[in-house]
Structure formats: C-alpha cells, structure tokens
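Following: one structure in structure tokens, then a few remarks.
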Amino acid sequence: MRLPGEEDVGGGGPSVVYMIIGAAAFICVLVFALFQANRSKNSGSDYLKQLGEQKEQEAAAETAADDAAQETGSKLRAQDLDFWDMYPEEDAEAQDGQEDDAKSTLDEKAERERQEQKEKEEQAAREDPSTDGKHTLVTLPDGTEEWVLISPYLSKNTYDYTNLEDKAGLKRYLENDKKISYVGVDISQQTGSVNFESLKAAGIDYVMIRLGARGYSTGQITVDEKFHENIEGAAAAGLDVGVYFYSQAVSADEAAQEASVVIQNLEPYKASVRYPVAFDMSLVGSDQARSDGLSRDDRTTVAAAFLETVNAAGYTPMVYGDKEWLIKEVDLTRLQQYDIWLAQEQDIPDYPYRFAMWQYTTSGTVNGIRGDANLNLSFIGYSQR
C-alpha cells in the first residue's frame, strides 16, 4: 500500500538518473576527442620541427662544402658529382676519333685486300695460256694437249681468214675481192687411177705427187708405183706439178741420199716441176718407225740435209707436217728459210707461224679422183715465180 504522494516521486526519479548518466558520457567522449586532437597536433608539430632541422643540417653541410671548395680553389659542388662527369668531353671526343681511325684502318685494309685479289686475278688471266695470245694448243700423238709458247723468233702468218670462202666444194683465199690462192690435190699410189683432165676442169691448179719413200722399218728406198704415170698425166693435162718424199732417214747422209733419189727421178720432168719438192717425215701412228728414236735436234739436222740438197739442185724445197710435228718434233728456227706445207684438217688453221701451203682435208670430193681426195690451198703461185 503506497502512502499518499509516492506515485509522483517515484515517476520522476529514474528519468533524472538517466539524464545525468547520458550527460556524463557525452562529456567524457568530448574530453577524449579533444585530448586526441591535441595529441595529433603535437605530433605534426614534432614532424615539421624535425623536417626543418634536417633541412638546416643539409644547408649547413652544403655551406661547409662550399667553404671547403673555396679554400682549396675548386668550384666543384656536391651536385656536380655526377656519374657521367667521370668522362670529360675531350676524352669522349678522343675516343670517338680513335674509333673512327680504327674503322678507317680496317676499311683501308679491306680495300687493299680487294685490290690485291683483283691484281692476282688479272695476273692469272694474263698467265692463262688459252687467253694470253702467247701460247698455241698442240695435240700430242697420245691424244693429250699441251699449250706451247709461241716463238718470238719465227715469222707469224698474217692471213685474214675472213677472206676464206668455199666455191664448188673447193677453198680459195681472196684479197680485195680477188682470188690470190691456188687449189691443189696430193696423190700417191694409194689414190688409184686419176683423171687429170677432170681435175683440171674441176678447178684444180696443181698436183703434189709422191715420188717415193724410205721404209719405216726396213729403211729401203722405193719409188712410188704410180709416180711416172701420175707426173706424166698431170703435165699432159696442163697442171702444175710438185712432189714429196716420205723420209725415214736417221742421219744427214741418209737424208742426202733420199734427196739424190728424188733429183734423179725428176730429171726427165724438171721443166714440169714448178711447185716445191717437199720433205715429209710424218709420225707412224700404228707402228714403230726407225726415225722415232731421233731427238728434236737430230730430226732437224736430217730435214735440213734433205732440203739443202734439193735446193742445190735448183728446186724449191718445202717442209711438210702437221702442227704438232712442226712445233714439237723439229726446230723451226733452223728451217725458217724453207716454205711450210701445213697439214691441219680444220675450217680455219690455228698454226701461228708463216706457211705457204695448207692441206685442209683428206676426205674431200673432186671430179677426177674416186673416193676421198686430199685437198690443198697454196697461198703462193709457184708457177708464176
């Protein structure tokens, strides 16, 4: 049971208490916030203070460095101590110049090497016997080839082979559109019967007739079985006549003996012999010959003995041979006073020296000879001398 008035007192008591507690809590929070703000302000001030002190120290250090530099006469400052300043500009330029000099030296060396290589190649080209104009190619009896130096002591031929032409199957040589050459055939007993009138009509100017030969194994001298018949037939047909003898002499005496046989057999026909008397010592390809053992000098001596004997008898001496025999087997410097009859079956001969007659084929065709004919071109009109 409440006393009168308890309800009014009791209703206001708790509300007041709560208000007091709330106000006290607010005041505490406010005090704490003020405390924290004041603390942060104090901390920032310390930081700024420390930063200021640090700058003052750095400024003092810089001032000290400047003072020290002034005392030593150097103007180098702390900020001047840069890594790249270790290499002065002058040194860099010198280094660049050295690099340029080194590059220039390498370029010059490379250029010298290129020039030396070029000179070597040019020298090799000059020394190439196929292009130097100082050598001629010779095919040896065994089929091998050899570049032989052209002798400066022998007269060179001056023929212009663009002036060669074929007419009716026969070659001729022109100068200023005028024929200055003479067509001939060479014959022997192996040729068989010859119709000399047909040869004349075919355009043949002269005939080289084999007079005889010395056996290449027996050494016996024989007169060609057809010699007398051939020389008489050629002369009767109005053809100019020359003769040749196949030699196998191994000494000057044997060569003179062969020439004497030729002269004796020509005596009845001397007036008809207007072309040369030729010395022939062709190599025997299929067998050994008695002349194979001769040296180059000995062979030249044999040839000279034959030719001198023929010349002394009033005939025109001549040397017959192919390119290899003429260049390799005899010394032409000892025979250069005699005319050369070149045997070379080519469209254009490449024999470098002077020659007067050219046997250009052994398989030609001409009326008057059955089968293959040996055709020749003479650059000299011997009958007109």
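The values are calculated or read from the model by the stated rules, or taken from the named source; none is laboratory data. Keep in mind it's a predicted model, so treat the numbers as computed, not measured. Methodologically, a virtual Cβ is constructed for each residue, glycine included, from the backbone with ideal geometry; neighbour enumeration extends over all protein chains shown.
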query: Which ones in the range 170-179 are of a type outside the set (Lys, Arg) and exposed (fewer than 14 other Cβ atoms within 10 Å of the Cβ)?
result: GLU175, ASN176, ASP177
- request: Determine which member of the set SER151, SER217 is at pLDDT below 95, assigned to a loop (DSSP other than H, G, I, E, B) and farther than 21 Å from PRO276 by Cα.
  value: SER217
query: Taking SER286, is it farther than 24 Å from PHE227 by Cα, within 49 Å of the chain's Cα centre (by Cα) and outside any helix (DSSP H, G or I)?
result: yes
task: Could you tell me which residue of the range 290-303 is modelled with the lowest pLDDT, considering only residues that are within 20 Å of THR222 (Cα to Cα), buried (at least 18 other Cβ atoms within 10 Å of the Cβ) and out of contact with any helix residue (DSSP H, G or I) (no Cβ under 6 Å at 6 or more places or on another chain)?
output: SER291
message: For THR300, only one of the following conditions fails: (1) part of a helix (DSSP H, G or I); (2) hydroxyl-bearing (Ser, Thr, Tyr); (3) touching a Leu at 6+ places or on another chain (Cβ under 8 Å); (4) closer than 22 Å to LYS171 by Cα. What is its number?
response: (4)
query: Is there a residue being touching a Leu at 6+ places or on another chain (Cβ under 7 Å), under 30 Å from ASP331 (Cβ atoms) and at pLDDT 95 or above anywhere in the range 154-161?
result: yes
query: Considering only strands (runs of 3 or more DSSP E) fully contained in the range 309-371, which possess at least 2 residues that are of a type in the set (Val, Ile, Thr) and either within 38 Å of the chain's Cα centre (by Cα) or within 19 Å of VAL273 (Cα to Cα) (or both)?
result: 357-364
task: Looking only at the range 333-353, count how many residues are more than 19 Å from TYR244 (Cα to Cα) and buried (at least 17 other Cβ atoms within 10 Å of the Cβ).
output: 4
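Okay, residues lined up against (1) without any contact (Cβ under 8 Å) to a residue 60 or more places away in the chain; (2) within 18 Å of THR139 (Cβ to Cβ):
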site: LEU266; (1), (2): yes, no
site: SER295; (1), (2): yes, no
site: THR301; (1), (2): yes, no
site: ASN311; (1), (2): yes, no
site: ARG334; (1), (2): yes, no
site: LEU342; (1), (2): yes, yes
site: GLN346; (1), (2): yes, yes
site: MET357; (1), (2): no, no
- request: Please state which of the following conditions LYS270 fails to meet, knowing it meets all the rest: (1) touching a Gly at 6+ places or on another chain (Cβ under 9 Å); (2) crowded, with 16+ Cβ neighbours inside 10 Å.
  value: (2)
- request: Inspect the range 155-166 for any residue being exposed (fewer than 10 other Cβ atoms within 10 Å of the Cβ), aromatic (Phe, Trp, Tyr) and on the phi < 0 side of the Ramachandran plot and give the result as yes or no.
  value: no
message: Just the residues that are farther than 21 Å from VAL262 by Cα and buried (at least 21 other Cβ atoms within 10 Å of the Cβ), please, taken from the range 313-326.
response: LYS323, LEU326
